[in-house]
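Notes follow the structure.
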Amino acid sequence: MRILAIDPGEKRLGIAISDPTGTIANPLTVIKHVARPVDAATIASLAQEHGAGLIIVGQALDDEGEPTVQSRRAVRLAEEIRLQSGLPVQLWDESGSTQAARQARMAMGVSRRLRRGHLDDLAATVILQSYLDSNQQSPSS
């Protein structure tokens with residue numbers, strides 16, 4: 001089953017998709033934030049187009065694991081996506097995803113000048129890969 005992941009931001013939303021086996025996350029696209037219902041409709045359409053059976057929405061938590069202003073926005077977005085897509089939507093801790101995406105670009109040897117752009121789709125990929133890794137079934141012995 002494919003899984004779609006969202007890195008919700010104030011200006012842009014990064015979108016990532018898993019491979020059909022739900023093992024590897026790949027960046028898909030970045031959409032410009034318009035309004036919650038419009039964003040949710042776009043995400044629902046992408047989920048349907050790519051055959052996703054689950055949607056993960058990144059949720060930023062503070063150092064004590066408590067909700068932040070951004071995480072409350074993520075909760076409202078998740079609810080709207082659930083309404084519009086009819087798919088299960090799960091919140092997932094996105095703490096550090098943008099920093100991890102920046103580090104990944106550095107590790108790939110991307111020049112400092114080219115690293116300045118948005119990292120939203122890569123951050124969504126980091127969120128999704130974290131979810132996939134933590135939910136992988138260990139092989140039976």
Extreme residue, positive dipole direction of segment 1-55, given options Gly53, Met1, Leu28 (C-beta unit charges): Leu28
By DSSP, what percent of the beta bridges with both residues in segment 1-61 are antiparallel, rounded to the nearest 5? 70
Looking at the square roots a ≥ b ≥ c of the eigenvalues of the Cα gyration tensor of segment 21-84, which shape do they give, rounded for a/c under 1.5, prolate if a/b is larger than b/c, or oblate? oblate
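Order of 46-58, 82-94 by packing, highest average Cβ count within 10 Å first?
Working: 46-58: 19.7, 82-94: 17.2.
Ranked by mean Cβ neighbours within 10 Å, highest first: 46-58, 82-94.
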Sequence ranges 63-75, 32-44, ranked by mean other-Cβ count within 10 angstrom, highest first: 32-44, 63-75
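Rule-based calculations on the coordinates, nothing more; no lab input. All values reported here derive from a predicted model rather than from experimental measurement. Here the Cβ is made from the backbone with ideal geometry for all residues, glycine too, and neighbour counts use every protein chain on show.
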